[in-house]
Each structure stands twice: as C-alpha cells, then as structure tokens.
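Q: One structure follows; several queries about it will come next.
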Amino acid sequence: MRVDVNNVDKRFGKLHAVKDLSFSIEPGRVTGFLGPNGSGKSTTMRLMLGLDNGAGTTLFDGKPLVSHKPVTRVVGAHLDAKFFHPKRAARAHLRMLGAEAGITNKRVDEVIELVGLAGVARKRPGGFSLGMGQRLGLAGAILADPQVLMLDEPANGLDPQSIQWLREFLRNYAAQGRSVFVSSHLLSEMELLADNVVVIARGALVADESMSDFLARATNNTVLVRSPDVVRLASVLASKGIEATIAGEGAITVANVTPDFVGEVAFQAGVQLSELVGQKASLEDVFIELTESGQDYQVGGASPVHGAADSQVNS
Amino acid sequence: MIAALKYEWRRLWSIRATYVVSVAYLALVGLIAGLSIFRGHPGYSISWKGLYGTPAFILCAVIISVVAAQTFGHEYRYGLIRLTLSEFPNRSVVILAKATILMVYILGMTVLAWSLLGLIGALAPQGVVAAGASNMSPSGADVSALWVVPAFTIGYCIFTMSLTMITRNLPLGIILPLLLATFVEILLTGLLTMISSHLSWLTNNLPMTNAMAWISGQGSHHGVVFGGWVLAAFAIGSAVFIKRDA
C-alpha cells in the first residue's frame, strides 16, 4: 500500500514544528525516517496518523485513514515503548488492541511468541525493560498484519541480537509487498535496513530518495592510495587539478574521484601502487553533513539554536 | 461502532482497578444499608423503595465515578490515547463508545447493587424493611422514584468523565465533582447570598446543588438543571477531545 504525505504542516505556538512536508512511502520497501532531535519526526508521524491536528493530508492508497475499515489492517503503529497500562497484562493489552480488527486469541498468542514475549505474556508490563516494551509495542503494531507499518525508534533499548532480528523481520515484511516506515537514530542500522530515506531538519524536508542516491550525495567520498612514490602521484594529480592529502607515510587520500580514475592516472604516469581503496561516506557522514545546520539541540553545551523550541516537540 | 464498543469493553475489564472499584462500590452500598438495618436504632423501618435508593448516596457515586474518570484518565496517563486513536481515527466514535460502555457498566452495577440490597432486605429482622414504611433511604434521601438512582449515577459519572476529558487528569476528574458538591458550591452559595439576593438565579442553578436536591426528592426540575450541566460538560469535553492533539 502506497502512502502519500501531502503538505503536512504543524505549528506549536510560535514554533513551526513541521513545514509543509510532502513525501511518499512505497510498498515493498523500507523507508527510513531520519532527522536530528527536535526535527519533527514524531510530530510528523502523529500528523500522518491523525493524532495531532495540523494542515495537509496523508492518504493510504489514495484515501484518508479514517475511510479505511478496519484501520488496523491498513496501518500498524508503534510510537512509544511505554504506551501501555502498567497493570494490564501484556496478552490482555494485545487482546484489547485486536478488538478493532476481530483478532483471535490464537493470533495474539502467535504474535506474542513471534516477538519473544511468550514467557511474560500474562505478566503486567509495568516492570518491563525498555526492550521488552519495544517488543510489546511492535507486537501491537503487527497484530492485525497491516499493509503499512509505522515505527518510531523501534530499536531503542534492544540488544544486538534483537536489533538483528528486527532488521530481518522488517525486511521480510517489506519483501511481502508491504510498506515499512521507520524512524531511528541508529544510522548504521538504518543503512543496513532502509531502501529509501526521508530526511528532515527543523521540520523541513532535506531528502526523499533511495538510500544509494542519498549516500552518493556525500562530498567526502575519498580514495586512499598507497605507493612508494606518492609525491610523484600527487604532483601528477595536481597537474590535473586534483588535490591530494597526505594520509600517513606513503599514503594519500584523494577526494571526489573514483578509484578507477586514480588507478588510470597512476598507470599512465608509471607510478606503482601498493593499495587503492575507495572510501565511501557512511549514512552517518552524509546525514551529519546535510543536517548539521538544521540541528535544534546540539551537544557541547550549546543552547538550542532557536529558543522557541518547546518540549511539545518530541522527536 | 461495534468494534469501538468491543475495544472499550475489553479495556474496562482488563484492568484490576475496575474489579476493585466494583467490589468497593457494592461493599459500600451493602455497608450503608446493612448498618442502618442491622445496627439501626430500635423501631427503625424502611420501605423497599427507600432501601433501593441507597446507591444514590453521594459517596457511592464517588466510588463508581473512579471507573468513569478512568475511561479517559488512563488513556492520557499512560499514552494509550495514541493507540486508541490510531485504531479509531474518528474521535466521535471513541467518545460514544466510552459513554455507552460506561452507562452499561453503571446500569449493570445498579442491578447488582439492587440485588445485594434485596438480599439484605430479605435477611433483615422482621418489620425493618416493610411496605408502607418510610421512603427515606439510609443516606437520608427521600426516594421518589427508583429510576432516579441509575439516572443520577449515570449523570454524575458522565459529568466526571467529561471533566476528565477536559482536564486530561484522572485525580482531578474524580475530585472536582466531589469538591463542587461538598465545598465549592456551598461556599459560593454562601458568598453570593451575602453579596446580593439578586444572584439567587446563579445559586439556584449550580450543578451539584441541584443534583443533591434531585436525589433528595425535592423535585424533578432539579434533575433537569443537573442534566443540563452534565450535557454541557459532555459537549465541552467532546469538543476539546476532538479539537486537541492526542
């Protein structure tokens, strides 16, 4: 199921939390939703689900969510690991959530088993760890086997094995032709998981494209070259207008060129190479590069860039 | 709508607090009636109608109103409202389902309370519960018609639920109607009477003052005023619930 987010906009008093955002979530793909703290990711998700009132529309297969019945067969959302009554048993919590789509107790038990909560199904979740809360939230989201999954930071608090399980689960889910929309701060994880990325900063769209296109935006893709004669190679490159930087003894890095190009230049100049490695920027590098100026909350004691940012924006 | 009713029913009965409140409510009703009947002064007698009026006592209403406050109070306290509205984006359906299930619950509890009172009446010493005896309930209310008992309880609980929708605060939802009944309106009436006799239209139309007068058998017009306040609170609560962010 395709999801079209059209001109979604939200203000909290003077703070313009989400600025005229438009993007699409494609079926069969995992779409990562990235942005710095306070950039408006959670607000956008709430707007998409109609939990917050704001401008713009979100259409699920061309129709607003309210027009679909049952809604839980269309979209399953997991927005917070603590959205449960601490004294309602995990199984009872899921039975309640399953009421809208007529989910059977058998399916509830299947999902509990799937997320690894079978041992605590009849326990009260008040004492659950963050990771267990995430599993319960995920169980609620997938209970009705929805066409669209929307998950806000689902990997927070999960151990490495669980993160790996979650990645495989979401990739399989998308491979069945369904749409997965997931926000996360774990960029290395997102790089492995997402096919597409939507990046926002200060509520505005920064990127909406495939992961490969997004990574190709990096300006710091470099090539590491080792050679017994790096000085000559550097001068040959300089004669072609390409700057090389010393990267240790007998090594240089060259920015914004491909390894093939450097290899060809070295071959033509008769320079022997002992190592030639393309160093691609990671998602983290590109993300930081593109969103650095759009960060509201920065480390190092810096004050929020614009003081009007209030605590209502929980991204 | 059926799905929303089912959701709300499961929500109601999947927390221990509902069972605790239900038992506490029945225990209080039984205690009030039982003390009067088994420990009352010699010669005490009460009609069946008077006995069945026991649940309209304000303390009983306060106990059962905890469930009413929880209908929205728990949703906001634990963030569940976002799960609920993710499943039911049409907020009017959520309000209607919650109000309907609450009314069904209160009617069920009233029937249970009456059954308990019937048992207490049957076990009462001979002559204490008798046809033709006083219609004054153990709480001191003159019971004019039995339908007033569930009607008052429903009105009080919808009022509580509406205040919880407005304040988004569970304890406030429970305390505010009680404070109005036992303190605020009495103080306000006293002050306004001292200030000017022309303000009697205001003191005569306060919600809980009229509710108390209604269940004391002082006339159904008091019930109409109380009902008006309940509807107004419900309308405001619904409007803010629909308008505000979850």
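Q: All but one of (1) surrounded by 19 or more Cβ atoms within 10 Å (Cβ to Cβ); (2) aliphatic (A, V, I, L, M); (3) within 23 Å of A:Val206 (Cβ to Cβ) hold for A:Leu59; state the number of the condition that does not hold.
A: (1)
Q: Scan A:Glu113, A:Glu100 and give me the residue that is of a type in the set (Asp, Glu) and under 14 Å from A:Asp145 (Cβ atoms). Break it down into steps so the answer makes sense when it comes.
A: Details: A:Glu113 fails: under 14 Å from A:Asp145 (Cβ atoms).
One residue alone meets the criteria, A:Glu100.
Q: Among the residues of segment B:162-216, write down those that are assigned to a loop (DSSP other than H, G, I, E, B) and either buried (at least 16 other Cβ atoms within 10 Å of the Cβ) or in contact (Cβ under 8 Å) with a residue 60 or more places away in the chain (or both).
A: B:Arg168, B:Asn169, B:Leu206, B:Ser216
Q: While we're here: So, in segment B:82-112, of the ones that are assigned to a helix (DSSP H, G or I), surrounded by fewer than 22 Cβ atoms within 10 Å (Cβ to Cβ) and of a type in the set (S, T, N, Q), which residue ends up farthest from the other protein chains (Cβ to nearest Cβ)?
A: B:Thr100
Q: If you check B:Ala4, B:Ala69, which single one turns out to be crowded, with 20+ Cβ neighbours inside 10 Å and touching a Phe, Trp or Tyr at 6+ places or on another chain (Cβ under 7 Å)?
A: Working: B:Ala69 fails: touching a Phe, Trp or Tyr at 6+ places or on another chain (Cβ under 7 Å).
Going through B:Ala4, B:Ala69 in turn, just one is crowded, with 20+ Cβ neighbours inside 10 Å and touching a Phe, Trp or Tyr at 6+ places or on another chain (Cβ under 7 Å): B:Ala4.
Q: Within segment A:62-73, is even one residue touching a residue at least 24 places away in the same chain (Cβ under 8 Å), surrounded by fewer than 20 Cβ atoms within 10 Å (Cβ to Cβ), among the small types (Gly, Ala, Ser) and over 18 Å from A:Ile142 (Cβ atoms)?
A: Initial filter on segment A:62-73 (touching a residue at least 24 places away in the same chain (Cβ under 8 Å)): A:62, A:70-73.
Filter again for surrounded by fewer than 20 Cβ atoms within 10 Å (Cβ to Cβ), leaving A:62, A:70, A:73.
Now restrict to residues that are among the small types (Gly, Ala, Ser): A:62.
This time we only want the ones that are over 18 Å from A:Ile142 (Cβ atoms), so: A:62.
Checked against the condition, which is being touching a residue at least 24 places away in the same chain (Cβ under 8 Å), surrounded by fewer than 20 Cβ atoms within 10 Å (Cβ to Cβ), among the small types (Gly, Ala, Ser) and over 18 Å from A:Ile142 (Cβ atoms), segment A:62-73 yields at least one hit.
Q: Also, quick follow-up: Answer with yes or no whether B:Ala181 is within 30 Å of B:Tyr76 (Cβ to Cβ), under 17 Å from the mean Cα position of the chain (by Cα) and not basic (Lys, Arg).
A: yes
Q: Yes or no: segment A:93-109 includes at least one residue that is basic (Lys, Arg) and within 14 Å of chain B (Cβ to nearest Cβ).
A: Filtering segment A:93-109 down to residues basic (Lys, Arg) leaves A:95, A:106-107.
Restricting the remaining residues to those that are within 14 Å of chain B (Cβ to nearest Cβ) gives A:95.
Looking through segment A:93-109, at least one residue is basic (Lys, Arg) and within 14 Å of chain B (Cβ to nearest Cβ).
Q: Same structure again: Which number in (1) at pLDDT below 90; (2) assigned to a helix (DSSP H, G or I); (3) closer than 22 Å to B:Leu28 by Cα marks the one condition that B:Leu146 misses?
A: (2)
Q: Select from segment B:1-25 the residues that are within 11 Å of chain A (Cβ to nearest Cβ), in contact (Cβ under 8 Å) with a residue 12 or more places away in the chain and of a type in the set (Ser, Thr, Tyr) and write down the one among them that is farthest from A:Thr72 (Cα to Cα).
A: Restricting to residues being within 11 Å of chain A (Cβ to nearest Cβ), in contact (Cβ under 8 Å) with a residue 12 or more places away in the chain and of a type in the set (Ser, Thr, Tyr), the top hit is B:Thr18.
Q: Scan segment B:119-135 residue by residue and report those that are in contact (Cβ under 8 Å) with a residue 12 or more places away in the chain and in a helix (DSSP H, G or I).
A: Selection gives B:Ile120, B:Gly121.
Q: Tell me, which residue of segment A:250-292 that is polar (S, T, N, Q) and over 22 Å from A:Phe214 (Cβ atoms) is surrounded by the most Cβ atoms within 10 Å (Cβ to Cβ)?
A: A:Thr253
Q: Please tell me if A:Gly116 is away from chain B (no Cβ under 13 Å), over 22 Å from A:Ala194 (Cβ atoms) and in contact with a strand residue (DSSP E or B) (Cβ under 9 Å, 6 or more places away or on another chain).
A: Working: away from chain B (no Cβ under 13 Å): yes; over 22 Å from A:Ala194 (Cβ atoms): yes; in contact with a strand residue (DSSP E or B) (Cβ under 9 Å, 6 or more places away or on another chain): no.
No.
Q: Looking for something surrounded by fewer than 16 Cβ atoms within 10 Å (Cβ to Cβ) and either in contact (Cβ under 8 Å) with a residue 12 or more places away in the chain or within 23 Å of the chain's Cα centre (by Cα) (or both) - is there at least one such residue anywhere in segment B:32-40?
A: Checked against the condition, which is being surrounded by fewer than 16 Cβ atoms within 10 Å (Cβ to Cβ) and either in contact (Cβ under 8 Å) with a residue 12 or more places away in the chain or within 23 Å of the chain's Cα centre (by Cα) (or both), segment B:32-40 yields at least one hit.
The values are calculated or read from the model by the stated rules, or taken from the named source; none is laboratory data. As the structure is a computational prediction, the values presented were derived from the model and not from experiment. Methodologically, a virtual Cβ is constructed for each residue, glycine included, from the backbone with ideal geometry; neighbour enumeration extends over all protein chains shown.
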